[in-house]
Structures are given as C-alpha cells and as structure tokens.
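Undergrad: Please see the structure below; I have some questions.
Nothing in this text is a laboratory measurement; each read-out follows from the coordinates by a stated rule. Not measured: the values here are computed from a predicted model. A quick note on method: Cβ atoms are made from the backbone with ideal geometry, for glycine too, and the neighbour counts reach across all protein chains shown.
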Amino acid sequence: QQDLDAAFFIRWLTACAAAVEREAAHLTDLDAAIGDADHGSNLQRGFKAVAEVLAKDAPATPGAVLTLAGRQLISTVGGASGPLYGTLLRRTGKALGDAQSVDRERLADALGQAVAAVAQLGGAAAGDKTMLDALEPAAGALAASYEGAARAAAEGAEATTPLQARKGRASYLGERSVGHQDPGATSAALLVATLAETAGG
Ligand code: ADP
Ligand code: MG
Ligand code: MG
C-alpha cells in the first residue's frame, strides 16, 4: 500500500480545485433548486484559494497541508459549506498529527473523526440531506478501499434525492426539498472521487 505524504495531499487538493471548477455550474444548479444558487461559486473560490496557498507554501507533513487548506476554506467561503469543509480538513489534519506519511487506514480513521466534528458543528446527522450523507459512508468504506469510498459517497449523494432536508437552507423548503439531490452531498462525492483518482493515478 502506498504511503500518503504531503505531496500526495497537495496533489489531491489541487485536483479538487480543478474538479470543482469543472463541476461548478452543476453544483450551483443543484443549489438553485433547493438553496441560494451559490454552492459551485463558493467552492470554486475556496478551492482556488487552497490551490494557490499550497502552490506558494507547501507544508512538509500531511497534517500541516490539510490544516492549512481547512483554514483557507474557512477564511474564503462565506456560505455554510466553508466552515463545514474547513472543519473537515482541519480536523483530519489534526488527527494525522505530525506524521511524515500515513496509510489509507490511518487516513480513514482521521476522516471518521473529522466527519464526527462536522456533524457536531452543523448539528446534523446522516439522513438530514446534507454533505454528511456522502461523507459518513465514505469515511467508513475508506478503511477497505479508495474505490469503495468513492462508490459509497456517490451512492450516499444519490440517496439524498428522495429525502426532505432537515438542516441548512434546503430545510426552509420543507417538503419542497424532496426530489432534488443535495448540492453539498454531491460536492462531497466529487472530493472523494478525486481522492480515489489521485491514489490510483
Ligand atoms: P449556503 O447554504 O450557506 O449557501 P452552500 O450553498 O455553499 O452554503 O452549501 C450548502 C450545502 O451545505 C448543503 O447542500 C448541505 O450539504 C451543506 N450543509 C448546510 N447546512 C449543513 C449542516 N448543518 N450540516 C452539514 N451540512 C450542511
Ligand atoms: Mg448555497
Ligand atoms: Mg449562500
């Protein structure tokens, strides 16, 4: 199994910036249906800033890369997704400590802790039609494989369509939120798919 070092996480986050750029219009369309039509532009701004700071100042450990990226998301994204994804990355980084490199199991464990922190911050649980519907199954499946994590995240995102939102802006719509895929769960699946591509390529 490959060692995941600082350079790996910089490659992943830089690829996330490109993926978000490519999918921004789709993410914003999903948010237009049940939110305020800014999810794509929020993440585009945030991940562009992440890629820029990592290109300038490349931290030496996975933990430091993820912590810096999380801080950058929190300071550049005004919407709900900024602090939530920022917390996800920061808490993953914190859990990895100052290790020079980590393996997939250790990353899965760190991500699991970070997902719990996101749930606590947002007061949400899986089934509330949020990013957690993709993140929670992905963190669980990552203990076994990258491909499984990507599949679990994609399935989790698709499974938000019939749900009624209980958190975030979409919850203001009540029953009218049913029948639309959650934008945050969709972007979470994109970030996990990009992780699997980075690990496989
Ligand atoms: P905003 O709603 O402030 O415009 P975004 O559009 O960028 O922010 O992000 C919306 C996404 O954030 C939602 O689709 C949902 O997945 C996620 N989200 C919103 N509130 C919460 C919460 N309390 N817990 C977890 N995720 C949430
Ligand atoms: Mg929005
Ligand atoms: Mg907004």
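Undergrad: Name the residues in region 180-201 that are assigned to a helix (DSSP H, G or I), more than 9 Å from ligand 1 (Cβ to nearest atom) and either in contact (Cβ under 8 Å) with a residue 60 or more places away in the chain or not β-branched (Val, Ile, Thr) (or both), would you?
TA: Within region 180-201, ALA189, LEU190, LEU191, ALA193, THR194, LEU195, ALA196, GLU197, THR198, ALA199, GLY200 meet the criteria.
Undergrad: Given the options LEU54, LEU13, LEU66, LEU43, name the one that is in a helix (DSSP H, G or I) and within 11 Å of ligand 1 (Cβ to nearest atom).
TA: LEU43
Undergrad: Could you go through region 16-35 and let me know if any residue there is among the small types (Gly, Ala, Ser), touching a residue at least 12 places away in the same chain (Cβ under 8 Å), within 21 Å of VAL102 (Cβ to Cβ) and away from ligand 3 (no atom under 16 Å from the Cβ).
TA: No; the residues of region 16-35 include none that is among the small types (Gly, Ala, Ser), touching a residue at least 12 places away in the same chain (Cβ under 8 Å), within 21 Å of VAL102 (Cβ to Cβ) and away from ligand 3 (no atom under 16 Å from the Cβ).
Undergrad: When residues of region 53-77 are filtered for being within 16 Å of ligand 2 (Cβ to nearest atom) and out of contact with any helix residue (DSSP H, G or I) (no Cβ under 7 Å at 6 or more places or on another chain), how many remain?
TA: 0
Undergrad: Right, here's the next one. Mind checking which residues of region 138-179 are farther than 9 Å from VAL192 by Cα, crowded, with 24+ Cβ neighbours inside 10 Å and free of Cβ contacts under 8 Å to residues at least 60 places away in the same chain?
TA: Correct list: ALA139, LEU142, GLY156, ALA157, THR160.
Undergrad: OK, next. Restrict the check to region 104-125 and report whether at least one residue is assigned to a loop (DSSP other than H, G, I, E, B), away from ligand 2 (no atom under 16 Å from the Cβ), under 26 Å from GLY40 (Cα atoms) and touching a residue at least 40 places away in the same chain (Cβ under 8 Å).
TA: Within region 104-125, one or more residues are assigned to a loop (DSSP other than H, G, I, E, B), away from ligand 2 (no atom under 16 Å from the Cβ), under 26 Å from GLY40 (Cα atoms) and touching a residue at least 40 places away in the same chain (Cβ under 8 Å).
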